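The values are calculated or read from the model by the stated rules, or taken from the named source; none is laboratory data. A quick note: this is a predicted structure, and the numbers were derived from the prediction, not measured. With ideal geometry, Cβ positions are generated from the backbone for all residues, glycine too; neighbour counts draw on all protein chains shown.
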Amino acid sequence: MKKRIVIGVSGASGIIYAIDLIKRLKADSTIETHGIISDWAKQNLKLESEVSLKELEGMLDYHYSNRDLGAAVASGSFLTDGMVIVPASMKTVAGISMGFGDSLISRAADVSLKEQRKLILVPRETPLNAIHLENLTKLARLGVQIIPPIPAFYSQPKTIEDIVAHQSMKLMDALGIENHVSGRWKDND
Ligand SMILES: Cc1cc2nc3c(=O)[nH]c(=O)nc-3n(C[C@H](O)[C@H](O)[C@H](O)COP(=O)(O)O)c2cc1C
């Protein structure tokens, strides 16, 4: 059986991270993706990338409207193997931290928490205020993995794509998906 991964894409800057991860998961025949793209993520897709919404949705096995609270991933009885929100806006982070499931992304994240399944956030904002930090800390204490898009330079990235690939490696590692996406520390020793 394929590994079912839910991917929430919210309206923070950094849609390139979502595109890269989705492309890589599509190339892995052991993975089944279920994507939710928020309205503001759709705006950022236009602003920050040359990939169309149709193309992005076409890379997903299943995709849902963020308003469709009756979608499969809104229920804990629909079994999934992990959820990642990339990028995660501070608004979506706040909704999850308060248990306010008014969108499919925040509801699916709430389901991940109540079912004690793997939930990974890629929060993107700077500077971070105390509300953002408190919300993230609360979620981290509940076992949510917080993997901000902070580049590492030990792999000597030369391009933006190298930096993004390193983030995708961290996310796939956290999802338990074998990958050789980017250089690892001591790889070349
Ligand atoms: C161009 C643009 C960039 C944005 N970047 C961020 C960001 O990096 N982080 C963030 O938390 N919100 C950012 N926002 C604001 C969110 O899009 C906004 O809070 C929105 O309500 C998020 O909704 P969503 O989480 O349902 O996608 C940005 C908005 C725009 C238009």
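For this structure, a couple of remarks:
- Condition check for residue 39: within 13 Å of the ligand (Cβ to nearest atom) and in contact (Cβ under 8 Å) with a residue 12 or more places away in the chain: yes
- Of the strands (runs of 3 or more DSSP E) lying entirely inside the stretch 1-86, those carrying at least 1 residues that are surrounded by fewer than 16 Cβ atoms within 10 Å (Cβ to Cβ) are 62-64.
- Breaking point among (1) in contact with a Ser or Thr (Cβ under 8 Å, 6 or more places away or on another chain); (2) within 23 Å of residue 41 (Cα to Cα); (3) hydroxyl-bearing (Ser, Thr, Tyr), for residue 182: (2)
- Filter pass, residue 52 being modelled with pLDDT of 95 or more and away from the ligand (no atom under 16 Å from the Cβ): yes
- Just one of the listed residues (120, 163, 96) is surrounded by 12 or more Cβ atoms within 10 Å (Cβ to Cβ), outside any loop (DSSP other than H, G, I, E, B) and within 14 Å of the ligand (Cβ to nearest atom), namely 96.
- The residues on offer are 158, 138, and the sole one that is part of a helix (DSSP H, G or I) and modelled with pLDDT of 95 or more is 138.
- Test for residue 103: is it of a type in the set (Ser, Thr, Tyr), buried (at least 17 other Cβ atoms within 10 Å of the Cβ) and either in contact with an Asp or Glu (Cβ under 6 Å, 6 or more places away or on another chain) or farther than 24 Å from residue 25 by Cβ (or both): no
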